[in-house]
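Chemist: Before we start, here is the structure in question, set down as structure tokens.
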Amino acid sequence: MLRQNMNKNQLLQWINEVSFAVTEMTLYLDTHPDDAEALSYFNHFNQERQKALRLYSSTYAPLTLDTAQEENCWRWATEPWPWEGGHC
Amino acid sequence: MWNYEKRLEYPVNIKETNPKIAKFIMSQYGGPDGEISASLRYLSQRYAMPYREVMGILTDIGTEEMAHFEMVATIVHQLTRNLTPEEIKESGFGEYYIDHTLGIWPQAAGGIPQNACEFQVKGDPITDIMEDMAADGAIV
């Protein structure tokens, strides 16, 4: 569950988990578009994902341009890239 | 239209380099059944697909394959970081290094470049889905 006191790695791990749920439910819903239970599962984790991505951007640096709110520096390019490692 | 998300689909943190294994794993990036071929296969087949559900799933799986090829490239990159000239020669990574140094180039383990001849798009749903099963079934 999303908590305000998560550290950087914990928050990224949470984003990875809820994103996995969203990705897999997307594939399922493509071929089962009327499954009410799947729709509510998708909506729940999609909202959790958006919340977590906004929190990560405001606390650390943006992971998506949709959640980027940059004031003093364009951290999108200057913060580490995913292939450099060092994340959870 | 696509948007980039600045994280790996699953984290990759490799501590020790190993250029010999990197050369094998590279096939999953640019080899005949690698992730780039998978992505191009699904994203190219969707235009002639007559079923809306399958258009959707080809789009979303083709997109997810891009996340896979980023993970595989990251594995190869982290396995080959900061190699010494001796390590490159001894591991058999020299043939790759001479053309690409430590850059990531889409090739099969045997050095064959990534190539659209490795997959098929026929505009016929049964033919295309059989081709998908042959390719993705080969790498399970």
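Only the coordinates and a few stated rules stand behind these numbers; no lab work does. Here the structure is a predicted model, which means the values were calculated and not measured. Note: ideal-geometry Cβ built from the backbone for every residue, glycine included; neighbour counts use all protein chains shown.
Chemist: Placing +1 on the Cβ of each Lys and Arg and -1 on the Cβ of each Asp and Glu in the protein assembly as shown, which of A:LEU55, A:THR31, B:LEU8 has its Cα farthest towards the positive end of the resulting dipole?
Modeler: A:LEU55
Chemist: Among rounded, prolate and oblate, which fits segment B:3-138 when a ≥ b ≥ c are the square roots of the eigenvalues of its C-alpha gyration tensor, a/c under 1.5 means rounded, and a/b larger than b/c means prolate?
Modeler: In terms of gyration-tensor shape, prolate.
Chemist: Let me ask something else. Provide the FRET efficiency to the nearest 0.05 for the A:PHE20-A:GLU84 pair, computing r from the beta carbons and using R0 = 22 Å.
Modeler: Efficiency, from the Cβ-Cβ distance: 0.50.
Chemist: Please determine, in degrees from 0 to 90 and to the nearest 10, the orientation of helix A:8-31 with respect to the longest principal axis defined by the Cα atoms of chain A, where the helix direction is its Cα long axis.
Modeler: Result, in degrees: 30.
Chemist: Given R₀ = 35 Å, what would the calculated FRET efficiency be for A:CYS73 paired with B:GLU16, taking r from the Cβ atoms and rounding to 0.05?
Modeler: 0.55
Chemist: Residue separation times 0.36 nm, minus the C-alpha to C-alpha distance between B:ALA116 and B:MET55: what's the value?
Modeler: 19.9 nm
Chemist: Report, to the nearest 10°, how far helix B:35-45 tilts away from the longest principal axis of the Cα atoms in chain B, using its own Cα long axis and a range of 0 to 90°.
Modeler: 20
Chemist: Relative to the Cα centre, what is the charge dipole magnitude of chain A, using +1 at the beta carbon of each Lys and Arg, -1 at the beta carbon of each Asp and Glu, and rounding to the nearest 20 debye?
Modeler: 440
Chemist: While we're here: Taking 7 Å along the Cα-to-C-beta vector as the label spot, tell me the A:TYR28-B:ALA109 distance in nanometres, rounded to one decimal.
Modeler: According to this spin-label approximation, the distance is 3.5 nm.
Chemist: Dipole size in debye (nearest 20) for segment B:25-103 around its Cα centre, Lys and Arg Cβ +1, Asp and Glu Cβ -1?
Modeler: I would put it at about 280 debye.
Chemist: Take chain B, mark every one of the chymotrypsin sites (Phe, Trp or Tyr not before Pro) that falls in a DSSP loop and has at most 14 other Cβ within 10 Å, then report the longest stretch left between them, sites excluded.
Modeler: That would be B:52-140.
Chemist: Let me ask something additional. In segment A:34-75, what chymotrypsin sites (Phe, Trp or Tyr not before Pro) fall in a loop by DSSP, with at most 14 other Cβ atoms inside 10 Å?
Modeler: A:TYR60, A:TRP74
Chemist: Given an 8 Å cut-off on Cα distances and at least 6 residues of separation, report the relative contact order of segment B:30-86 as a percent.
Modeler: RCO, segment B:30-86: 35 percent.
Chemist: Could you give the size of the charge dipole of chain B about its Cα centre, using +1 on the Cβ of each K and R and -1 on the Cβ of each D and E, expressed in debye and rounded to the nearest 20?
Modeler: Here the size comes out at about 260 debye.
Chemist: Could you work out the helix-only [θ] at 222 nm for chain B, with each DSSP H run of four or more residues adding -39,500 (n - 2.57) and the total divided by the number of residues, to the nearest 500 deg cm²/dmol?
Modeler: -16500 deg cm²/dmol
Chemist: Scaled to the compact-protein estimate 2.2 N^0.38 Å, what is the alpha-carbon radius of gyration of chain A, rounded to two decimal places?
Modeler: Ratio of Cα Rg to 2.2 N^0.38 Å: 1.23.
Chemist: Going by a ≥ b ≥ c, the root eigenvalues of the Cα gyration tensor, does the protein assembly as shown fall in the rounded group (a/c under 1.5), the prolate group (a/b larger than b/c) or the oblate group?
Modeler: Since a/c reaches 1.5 but b/c is at least a/b, the shape of the protein assembly as shown is classed as oblate.
Chemist: Which residue, B:GLY111, B:THR101, B:THR74, has the largest displacement toward the positive end of the dipole of segment B:19-137 when charges sit on each Cβ (Lys, Arg +1; Asp, Glu -1)?
Modeler: Positive-end residue among those listed: B:THR101.
Chemist: Any chance you could give the angle, 0 to 90 degrees and rounded to 10, that helix A:36-59 forms with the longest Cα principal axis of chain A?
Modeler: Helix A:36-59 sits at roughly 0 degrees to that axis.
Chemist: Based only on other Cβ atoms within 10 Å, what is the fewest-to-most ordering of B:LYS23, B:LYS89?
Modeler: B:LYS89, B:LYS23
Chemist: Before anything else, pin down the relative contact order of chain A: Cα pairs under 8 Å, at least 6 apart, normalised by residue count, whole percent.
Modeler: Dividing the mean separation by the residue count of chain A yields 30 percent.
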